[in-house]
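Take a look at the structure set out below.
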Amino acid sequence: MRLNELFLSIQGETSSAGLPTIFVRFTGCNLRCTYCDTKYSYFEGDTITPGEVMDKIRALKCKRVCLTGGEPLIQPRAEMQQLLDLLAAEGYEVSIETDGSIDISKFKLHDKQRFIVDMKVPSSGMSDKMHLPNLQHIVAERDEVKFVVGNREDYEWCTRLIAEQGIDPKDGYQLVFSPVYREIELVDLVNWILEDQLDARFQVQLHKIVWDPDKRGV
């Protein structure tokens, strides 16, 4: 597997926003979203073993880990599963941020591990790459489905997808809506959610507020 960077920060997104978290960013991505803010992870990185990743994680002395990218699930499957097994054996809380295009059913999660499935909207240019069966493999009240919204068309695409796939928050499914940075008025997205009485979490990227939006390693 190839590691782009590994650091301790606060989680800027999802239901864990604000909590101290170790970020393990892997090299490579199979998508090219228009609003991507981690393009440096496409190619930069060094080869590393799951055991060496664990050594780096242990050194930071935090029990919450986010596996991200790029796209973490394009790493060799056996090595990614080995890392998940090692993290479980030592009691880490783990979130896997995946871009919605990779079949998540091929990975075995343990207790305290969850998927954050970031479904790509039309303005990303990648919505036709989504592996929609993932939405039938997510586990309500464990995994989360995230939408990064850039305009009204994106939002309406999301609500149609939610209805078509039957991922109703009333059944315990966790939905997260986030604005594309500097592309949409925050109040617009909030108002759409409230007008539709959609039981979803609205959030902004906290790390872009705390630090310079272009700063790496945070």
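Laboratory data are not the source of any read-out in this text; all were calculated from the coordinates shown. All of these numbers come straight from a predicted model, not from anything done at the bench. Here the Cβ positions follow ideal geometry from the backbone for every residue, glycine too, while neighbour counts run over all protein chains shown.
At-a-glance table
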{"quantity": "Kyte-Doolittle mean at least 1.0 and Cα axial length at least 15 Å: DSSP H helices in the chain", "calculated": "none"}
{"quantity": "Computed FRET value (nearest 0.05) for Glu44 with Val139, which takes r as the C-beta separation and R₀ as 35 Å", "calculated": "0.60"}
{"quantity": "Relative contact order (%) - the range 162-218, alpha-carbon pairs under 8 angstrom, separation at least six", "calculated": "34"}
{"quantity": "Estimated FRET transfer efficiency when R0 is 25 angstrom, pair Arg152-Asp37 (beta carbons, to 0.05)", "calculated": "0.70"}
{"quantity": "Whole-number percent relative contact order across the range 1-56, with pairs defined as alpha carbons under 8 Å at least 6 apart", "calculated": "40"}
{"quantity": "DSSP bridge orientation in the chain - percent antiparallel, rounded to nearest 5", "calculated": "25"}
{"quantity": "Leu60-Gln81 pseudo-label distance in nm [points 7 Å out on the Cα-to-Cβ vector]", "calculated": "2.6"}
{"quantity": "Footprinting exposure proxy for Lys170, Lys106 (fewest neighbouring C-beta atoms within 10 Å first)", "calculated": "Lys170, Lys106"}
{"quantity": "Rounded to the nearest 20 debye, dipole of the range 2-210 from Cβ charges on Lys, Arg, Asp, Glu", "calculated": "600"}
{"quantity": "Taking the chain and dividing mean pair separation by its residue count, relative contact order in percent (alpha carbons under 8 Å, at least six apart)", "calculated": "19"}
{"quantity": "Alpha carbon centroid spacing (whole Å) that separates the range 3-75 from the range 78-126", "calculated": "11"}
{"quantity": "Pairs beyond 29 Å (Cα-Cα), from Lys170/Lys208; Lys39/Lys129; Lys120/Lys208; Lys56/Lys106", "calculated": "Lys170/Lys208"}
{"quantity": "Potential lengthening between Ser105 and Glu183 on full extension [0.36 nm per residue; Cα-Cα distance subtracted]", "calculated": "24.8 nm"}
